[in-house]
Structure formats: structure tokens, C-alpha cells
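The values are calculated or read from the model by the stated rules, or taken from the named source; none is laboratory data. From a predicted model like this one, the values you see are computed outputs, not experimental measurements. Positions of Cβ are backbone-derived with ideal geometry, glycine not excepted, and every protein chain shown enters the neighbour counts. Remember, those area values only see protein heavy atoms, side chains included, never the ligands or the DNA or RNA. Shrake-Rupley method; radii C 1.70, N 1.55, O 1.52, S 1.80 Å.
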Amino acid sequence: MQVTKIAQQKKNKRRYSIFLDGEFGFGIHEAILLESGLHSGDKLTHYDIAKLEHQDAVYAAKEAAFNLLKYRQRSVGEMRSRLYKKDFDDAVVEEVVEHLLDKDYLNDEEFAETFAEDQLTRKNIGPIRLKAELSKKRIPDKIIEDTVASMYQKFNVVDLAREAAEKKMSSLRNVDYETAYRRLTSYLGRRGFPWDVINEVIDLEEWD
């Protein structure tokens, strides 16, 4: 097949339409066009076309990935998921993820530590909840276990539970002991604290 025309697209000036044998063949980003050195009159095989389309998809996926990273750090699993949702195929997603890992734009250990410290500092959550939140971010199980162990050496779990309880207690001053106890234990349980920690923290006698 012969390239008979290369035309800048009207809706996106950074993309070009490649015409083959007088008919539209495919579109590519200007960066891929310049890199390829493609000119009108060149001959392309099906392999050549597939290679150009793959390079174009990788370029688009990288742009999408860097756009996501502008807003916040991402886990490897999150990045894969977001790129799949944008309909990039497996080969493209894996190539982009590998590139981001090589450049250290993705690092699950650093992401998990930063995310976990933020959660504990702002939300006073316990280890059960933290594991769940890290899992939602698609962090591998081994990194989750290591991160949780590290964080609760740095932050005392009983102190975190006590702080969370103190914040909740103000809304329980005017209810009876049993109701207050039930609501507070339920609240701390939802925040991910184990029962031994909850039992150690709760002391409702001062409310009598």
C-alpha cells in the first residue's frame, strides 16, 4: 500500500490522517509521524501499519497516564485499571506501565506508605480499615502487610482509637450508657480497630 496523502486533522491539529491508495487508512499523533519519518509516496506493509498504530496507542496511553499522575500519585494496579477503562489493549497498557516503573513514576511501596500515613493522620483509622483502603488502591498483599506493620509501629493504635473515640463522644453525651456503648463500639469497629483495642479504649463511666 502506498501513502498517497498525509493531512492534518481539523478537530485535533496534533493528529494526522494517513491516506493509503487514495483512501483514509489510519490516524496518528504528530510525534509518531515525525518519529517515523513517513512521507507521501512511501510504501507500507500491514506490519508497518500495525506498528505505527501501536506506537500511536502507546503515545496516547502515556499522555493519559501522565495526566492522571498530575493530580496524585497512583499505584500500579490503579494505573492499569484506569488505562484499561480508556480501552487501551493489554500490550499497550503493559508497555506504558513498564515505562512508568522504569522511570520510577510508579512505586507501590512509596505510594502505600504515603497513602497510609495520610489516612492515619487525617482519619484515625485502625489496621483493619487501613488494609481495606490499601486493597482498594490495588496494592499487592505483601506490600499491604509490610506497610500496615510499619505504620502501626510509627503510630500507636491505642492512641489512634482513643482520638477517634473522643471525637465521637461529643455526640453521645445525652444518650444512655448502653446506647452510647453500642454506638461507640460500632463506630470504632467501622474505623477498623480490633476488639481488643476497642475494649481497652472505651471507658464510659465518666459519662455517668
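Could you tell me how many degrees, from 0 to 90 and to the nearest 10, lie between the Cα long axis of helix 177-190 and the main elongation axis, the longest principal axis, of the Cα atoms of the chain?
Once rounded, one gets 30 degrees.
How big is the charge dipole of the stretch 1-147 about its Cα centre, in debye rounded to the nearest 20, if each Lys and Arg gets +1 on its Cβ and each Asp and Glu gets -1 on its Cβ? Display every interim value, and only then the final one.
Numbers: 25 positive and 28 negative charges, 185 e Å.
Once rounded to the nearest 20, the dipole reads 880 debye.
Which angle between 0 and 90 degrees, to the nearest 10, do you get for helix 76-85 versus the longest principal axis of the chain when only C-alpha atoms count?
50 degrees
Just to be sure I follow: if Rg is taken over the C-alpha atoms of the stretch 78-188 and Rh is the Kirkwood radius over the same atoms, what is Rg/Rh?
1.15
Take the solvent-accessible surface of the protein heavy atoms, probe 1.4 Å, and return the percent of it on the stretch 110-208 that carbon and sulfur atoms account for.
About 45 percent, which is the carbon plus sulfur part of the accessible surface.
Quote to one decimal, in nm, the extra length available between Lys142 and Gln8 on full extension: 0.36 nm per residue of separation minus the C-alpha distance between them. Please list the in-between numbers first.
Working: separation 134, 0.36 × 134 = 48.24 nm, distance 4.90 nm.
Contour length minus the Cα-Cα distance gives 43.3 nm.
Of all accessible surface on the stretch 1-59 at a 1.4 Å probe, what whole percent is carbon and sulfur?
The C+S portion of the solvent-accessible surface of the stretch 1-59 is 51 percent.
To the nearest 20 debye, what is the magnitude of the charge dipole of the stretch 144-208 about its Cα centre, counting +1 on the Cβ of each Lys and Arg and -1 on the Cβ of each Asp and Glu?
Computed charge dipole of the stretch 144-208: roughly 380 debye.
Over the stretch 135-208, average the accessible area per residue using a 1.4 Å probe and give it in Å², no decimals.
Using a 1.4 Å probe on heavy atoms only, each residue of the stretch 135-208 averages 65 Å².
Tyr152 to Gln73: FRET efficiency via 1/(1 + (r/R0)^6), r the Cβ-Cβ distance, R0 22 Å, to the nearest 0.05? Working shown, then result.
On the way: r = 22 Å, r/R0 = 0.99.
E(calc), rounded to 0.05, equals 0.50.
Among Tyr47, Tyr59, Tyr105, which one moves the most in a GNM of the chain with springs linking Cα atoms closer than 10 Å?
In the Gaussian network model the winner is Tyr47.
Can you give the net charge of the other residues whose Cβ lies under 12 Å from the Cβ of Glu110, counting K and R as +1 and D and E as -1?
-4
Of the options Asn67, Asn12, Tyr105, report the single residue whose Cα projects farthest towards the positive end of the charge dipole of the chain (beta-carbon charges: Lys, Arg +1; Asp, Glu -1).
Asn12
Can you tell me the equivalent ellipsoid semi-axes for the stretch 1-134? Use √(5λ) from the Cα gyration tensor, largest first, whole Å.
Ellipsoid semi-axes (Å, largest first): 42, 13, 11.
Just to confirm the number: angle between the C-alpha axis of helix 108-123 and the first principal axis of the chain, 0 to 90 degrees, nearest 10?
Once rounded, one gets 40 degrees.
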